[in-house]
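Values in this text are rule-based calculations from the coordinates and carry no lab data. Quick caveat: nothing in here was measured; it's all calculated off a predicted structure. Every residue, glycine as well, gets a Cβ built from its backbone with ideal geometry; the counts of neighbours run over all protein chains shown.
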Ligand code: SF4
Ligand code: SF4
């Protein structure tokens, strides 16, 4: 079976960098390609969000296919919010048929956050049993209902964990459960509260989870004071400490300060035992990614044939 | 109990516009307890319709009455005379009561006067919360008596999502995170390990997803 680029870089032991691309609220292929060009070559794989914050956008799988065509390794996100098990399993088969390997399992933000608040939230599966179901499709060639796939599929299964959600004491155990469910790699929610992240990582190491699954630490470069405040107050499951807000506020060049902060964080994360890489979420600021990866000393990216 | 909320009066008044003899029919069970459709609310609603029609220059006869339990055929006979005397019934019972009325008095129209909201409990004076979705396969034993289907906004089976903060659900700061409560209660009983097992996808066929449900018990059938 062939490996995705993400899988190869993880296996090589190199510090991984992944990026994120937010699909547009339109069908403009050029936009997706433009962002693909900015990210390709400076990151090892690119996440395609699945109607993030419940806002209707181009399908993550369609965007994933566009990246496949550009020779960029996509990580397609699949949430449990919009599709039942019939649609999800069907979409996974479709994604694999289009050359996509990395699939990230999420629960999905509730529809009341987005631009279709009257939508029915599906949640037939939850993120945990979605992971297990995909693992069963791959390892046992069996659908949830028990029927067999006609041929094996090759997927690399990811999931997210949020050290900043509550109950905090339970969060590392929840990660352990995702490993038990069958996940191959983990991405965390964006980190601003480094202290809390380190406490969570200490628990993760105590439980030995970091030896079982590579953990990519989530980072977001702050573009403006407004963006920082928005994340603090409006994004579910995020903690942005006041020091960060104050630091951006005090800076003359806010964008530069945001980049500096992000680079510092990446350099620090690199020193934490059990952090296998970073997941850089610069959605709506994709053009800054090459500079951040460069300044964090993570270029050039490893290449494999 | 079944919890409901009276429809906006304007909506009720508009719905009965074409009718001349109106009966507002309360129910003596759940909706009385949640102060949406009992005798008191039936009288108030009747009065409101009557005043509105008088103001609109189309006075009308509006009566009110309350039936002990609108969701069972045998109780519905009690009001037959008043019911048959009206052109239209505005039922303040839950959706079950409204349908029982329409089935029993099939030559009459019974309109809904309340929005049936959920199965739940009076939590505090003036506050009702949803507790059960009638999923047909109860898991309360596994979750320390707190329902993950009804009290988690995403009906998750395997623990809290990443949006749970400070005990509240990401959907609203007014809503407790059901999973936060479950985890706390598991910790209290030193049973957090119960969450280690990966629960498989739920069989929703026993819920409304399986189609309208019907229960038949041969042992009690006549
Ligand atoms: S598990 Fe099902 S039956 Fe039990 S309380 Fe929850 S919704 Fe109701
Ligand atoms: S915050 Fe809690 S109640 Fe709300 S969806 Fe997440 S787990 Fe469920």
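Number of residues in segment A:42-59 that are within 15 Å of the chain's Cα centre (by Cα) and not in a loop (DSSP other than H, G, I, E, B): the value is 7.
Anything in segment B:85-106 that is farther than 18 Å from residue B:29 by Cβ, assigned to a loop (DSSP other than H, G, I, E, B) and touching a strand residue (DSSP E or B) at 6+ places or on another chain (Cβ under 8 Å)? List them, or say none. If the condition is that a residue be farther than 18 Å from residue B:29 by Cβ, assigned to a loop (DSSP other than H, G, I, E, B) and touching a strand residue (DSSP E or B) at 6+ places or on another chain (Cβ under 8 Å), then B:86, B:87, B:105 are the ones that fit. Out of all the residues in segment A:60-75, is one or more under 18 Å from the mean Cα position of the chain (by Cα), over 22 Å from residue A:178 (Cα atoms) and in a loop (DSSP other than H, G, I, E, B)? For segment A:60-75, residues under 18 Å from the mean Cα position of the chain (by Cα), over 22 Å from residue A:178 (Cα atoms) and in a loop (DSSP other than H, G, I, E, B): present. For segment B:107-216, the strands (runs of 3 or more DSSP E) that sit wholly inside it and include 1 or more residues that are away from ligand 1 (no atom under 12 Å from the Cβ) and over 22 Å from residue A:107 (Cα atoms) are B:109-112, B:114-124, B:127-132.
Selection within segment B:18-56: residues that are surrounded by 18 or more Cβ atoms within 10 Å (Cβ to Cβ), without any contact (Cβ under 8 Å) to a residue 60 or more places away in the chain and more than 18 Å from residue B:126 (Cα to Cα). The member of this set that is nearest to the chain's Cα centre (by Cα) is B:42. If residue B:153 passes every condition in (1) out of contact with any strand residue (DSSP E or B) (no Cβ under 6 Å at 6 or more places or on another chain); (2) within 8 Å of ligand 2 (Cβ to nearest atom) but one, which one does it miss? Every condition holds for residue B:153 apart from (1).
Which members of segment A:113-136 meet the condition of being at the interface with chain B (Cβ under 7 Å from one of its Cβ atoms) and assigned to a loop (DSSP other than H, G, I, E, B)? Selection gives A:121, A:123, A:124, A:125, A:126.
Residues in segment A:96-112 that are without any contact (Cβ under 8 Å) to a residue 40 or more places away in the chain, away from every other protein chain (no Cβ under 14 Å) and in contact with a strand residue (DSSP E or B) (Cβ under 7 Å, 6 or more places away or on another chain): A:100 only. Being more than 27 Å from residue A:236 (Cβ to Cβ), away from chain B (no Cβ under 13 Å) and within 18 Å of the chain's Cα centre (by Cα): is that true of residue A:155 here? Considered against the rule, which asks whether it is more than 27 Å from residue A:236 (Cβ to Cβ), away from chain B (no Cβ under 13 Å) and within 18 Å of the chain's Cα centre (by Cα), residue A:155 comes out as yes.
Screening residue A:293 with (1) touching a strand residue (DSSP E or B) at 6+ places or on another chain (Cβ under 8 Å); (2) part of a loop (DSSP other than H, G, I, E, B) gives one miss only, at (2).
Being touching a residue at least 12 places away in the same chain (Cβ under 8 Å), more than 16 Å from ligand 2 (Cβ to nearest atom) and out of contact with any helix residue (DSSP H, G or I) (no Cβ under 9 Å at 6 or more places or on another chain) is a property that holds for residue B:117. Scanning segment B:129-150 for residues that are within 14 Å of another protein chain (Cβ to nearest Cβ) and within 13 Å of ligand 2 (Cβ to nearest atom) returns B:143, B:146, B:148, B:149, B:150. Within segment A:55-77, is even one residue under 27 Å from residue A:121 (Cβ atoms), within 14 Å of chain B (Cβ to nearest Cβ) and out of contact with any helix residue (DSSP H, G or I) (no Cβ under 6 Å at 6 or more places or on another chain)? No: segment A:55-77 contains no residue that is under 27 Å from residue A:121 (Cβ atoms), within 14 Å of chain B (Cβ to nearest Cβ) and out of contact with any helix residue (DSSP H, G or I) (no Cβ under 6 Å at 6 or more places or on another chain). Looking at A:167, A:214, A:163, A:221, just one residue is touching a helix residue (DSSP H, G or I) at 6+ places or on another chain (Cβ under 6 Å), more than 16 Å from ligand 1 (Cβ to nearest atom), touching a residue at least 24 places away in the same chain (Cβ under 8 Å) and within 10 Å of chain B (Cβ to nearest Cβ), and that residue is A:163.
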